[in-house]
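The values are calculated or read from the model by the stated rules, or taken from the named source; none is laboratory data. No experiment lies behind these values; they were computed from the predicted model shown. Here the Cβ is made from the backbone with ideal geometry for all residues, glycine too, and neighbour counts use every protein chain on show. Heads up: the accessible areas ignore ligands, DNA and RNA and are worked out on the full protein's heavy atoms, side chains in. Shrake-Rupley method; radii C 1.70, N 1.55, O 1.52, S 1.80 Å.
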Amino acid sequence: KVEMGNVNEGLVPYQQAVKELPDAPLIRVALGAAMLGTENPQYVSAAVNELQTALLQERDNAFAWYELAQAYGRMGQTGKAELATAERFFVQEAYPAAMQFAGRAQRLLPQGSTDWQRAADILQYQPQCAAQRGVCPRPLPEATGARIHFEPAGNRSVDDQHDRRRIGRRLHGL
């Protein structure tokens, strides 16, 4: 029903699914997104709760961070929206954008708060290797004599982000 534009009717099956599978973060993300899709202000707080719970279980879900940022924006919590956007870019390994939004968040959040500190953590993060962007702070494996193992394209997972992480770890022997 959600896909057919009947978002309000689609909430009940998602809510039932969350009751039956409380440890399924993707279902919680779908419920939160559906709640926000209603554009009904009464669902925004509940959507934030669902998205936060999902992110406790699966912190690298960029879509959940995106939806959480939208929810915070609707609640007028711009600092938290900026931080959620920074988190989204961080898990996507788009570090310059993550740092930009973390800086914005820090200016809007109470200094010393947990959220302010998380923004500071993002600002201080130094990626291990940015070889994909032409910058690598450590020597490439060829220079150290390390062997690189690339898996055949047929074995790749659907989620290319995880492939990049796996290859990055192998590049640096992690």
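Starting from residues that are open to solvent by 20 Å² or more (accessible area, probe 1.4 Å) and among the β-branched types (Val, Ile, Thr), keep the ones in the range 47-84 and report whichever is farthest from GLN15 (Cα to Cα).
So the residue we want is THR78.
Restricting the first residue to the range 49-62 and requiring it to be among the charged types (D, E, K, R), which pairs with a second residue that is open to solvent by 70 Å² or more (accessible area, probe 1.4 Å) meet a Cβ separation below 8 Å and a spacing of at least six or different chains?
Correct list of pairs: GLU58/LEU26.
Listed here are the residues, each with its yes/no results for (1) under 14 Å from the mean Cα position of the chain (by Cα); (2) of a type outside the set (Gly, Ala, Ser).
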position: VAL12; (1), (2): no, yes
position: ASP23; (1), (2): no, yes
position: MET35; (1), (2): no, yes
position: VAL44; (1), (2): no, yes
position: GLU50; (1), (2): no, yes
position: PHE63; (1), (2): yes, yes
position: THR85; (1), (2): yes, yes
position: PHE89; (1), (2): yes, yes
position: ALA98; (1), (2): yes, no
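If I ask for residues that are in contact with a helix residue (DSSP H, G or I) (Cβ under 8 Å, 6 or more places away or on another chain), open to solvent by 20 Å² or more (accessible area, probe 1.4 Å) and either in a helix (DSSP H, G or I) or of a type outside the set (Ser, Thr, Tyr) (or both), which ones from the range 26-44 would you list?
If the condition is that a residue be in contact with a helix residue (DSSP H, G or I) (Cβ under 8 Å, 6 or more places away or on another chain), open to solvent by 20 Å² or more (accessible area, probe 1.4 Å) and either in a helix (DSSP H, G or I) or of a type outside the set (Ser, Thr, Tyr) (or both), then LEU26, ILE27, ARG28, ALA30, ALA33, GLY37, ASN40, PRO41, TYR43 are the ones that fit.
Quick one: in the range 95-118, which of the residues that are among the basic types (Lys, Arg) and over 15 Å from TRP65 (Cα atoms) is surrounded by the fewest Cβ atoms within 10 Å (Cβ to Cβ)?
Out of the qualifying residues, it is ARG107.
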